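As structure tokens, the structure follows; a few thoughts come after it.
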Amino acid sequence: MVTGLVYQITDLFLYYQFFQRNYKRLNQHLSIKNILAIEQYEFRKDRSTEQAAYTLINGIIQAWNCKSQVAGIFCGRAKAFDCVNLNILIEELKCYGVNKTGIDWIKSSLHNRKQRVDINVNNVHNYSSTWELVKQGVPQGSVLGPLLFVVCINDLPRYINHFTNVVLFADDTSILITEKTVKIYTKILGSL
């Protein structure tokens, strides 16, 4: 019994090491090719929560100093990691130049995964659901899942930056809209 437990822990450790190594490769590829949007503050070297907050607050202050109207839209996506369409993710990775080996590895990591829910009361394993196939989403508890999510939303600033300022921090999005006149400002808000 103990041998099986040690074997399982060893397997998990090796799997984690494999995941970590491939995460580093993907992150390095995204960094070297300068693929991640500059508006993304998570998973970027020399970027932080504080810098994201500074960018947001500074945008508001600059607008006020210019006597502009300012509106903010703040989106925190509930279960965002669970909503990632795996086929779209794979196509995004291909567009960003991830090679076939990398694509195949990510496919094998994400497709045909199963999960279940275990409920423990008073440290006793009491209930388990049946194993179900995971049809979409990236694993949130892994090192790779959040990075794959960021790849999926990477194009967002490009589509709305022409009339807004965007700050992304993983699955949190802040959008600032600044305009001198209320009429234009209202028109922009209506188009979102």
**Study point:** Rounded percent of accessible protein surface that carbon and sulfur make up, the range 39-192, 1.4 Å probe
**Key:** 54 percent
Exercise for review: Take the alpha carbon atoms of the range 80-147, find their radius of gyration, then divide it by 2.2 N^0.38 Å using N residues; give the quotient.
Suggested key: 1.38
Revision key, fill the gap. Here the residues of the range 131-172 lying in the modelled label zone of Lys114, meaning backbone nitrogen under 17 Å from a point 7 Å along Cα-to-Cβ, are 131-136
Check your understanding: How high is the FRET efficiency between Ala71 and Lys107 when r is their beta carbon distance and R₀ equals 30 Å, given to the nearest 0.05?
Key -> 0.15
Point to revise | Average accessible area per residue (Å²) across the range 17-142 - probe 1.4 Å, nucleic acids and ligands excluded | key: 69 Å²
Point to revise | Sparsely packed trypsin sites (Lys or Arg not before Pro) within the range 85-184, loop by DSSP, other Cβ within 10 Å at most 12 | key: Arg116, Lys135, Lys180
Study note, to complete from the structure: Over 29 Å (Cα to Cα) among Lys45/Lys107; Lys45/Lys94; Lys79/Lys114; Lys45/Lys180; Lys45/Lys114 -> Lys45/Lys180; Lys45/Lys114
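The values are calculated or read from the model by the stated rules, or taken from the named source; none is laboratory data. Source: prediction; values computed, not measured. Here Cβ is always computed from backbone atoms with ideal geometry, including for glycine, and neighbour counts include all displayed protein chains. Surface areas here come from the heavy atoms of the whole protein model, side chains and all, with no ligands, DNA or RNA. Shrake-Rupley method; radii C 1.70, N 1.55, O 1.52, S 1.80 Å.
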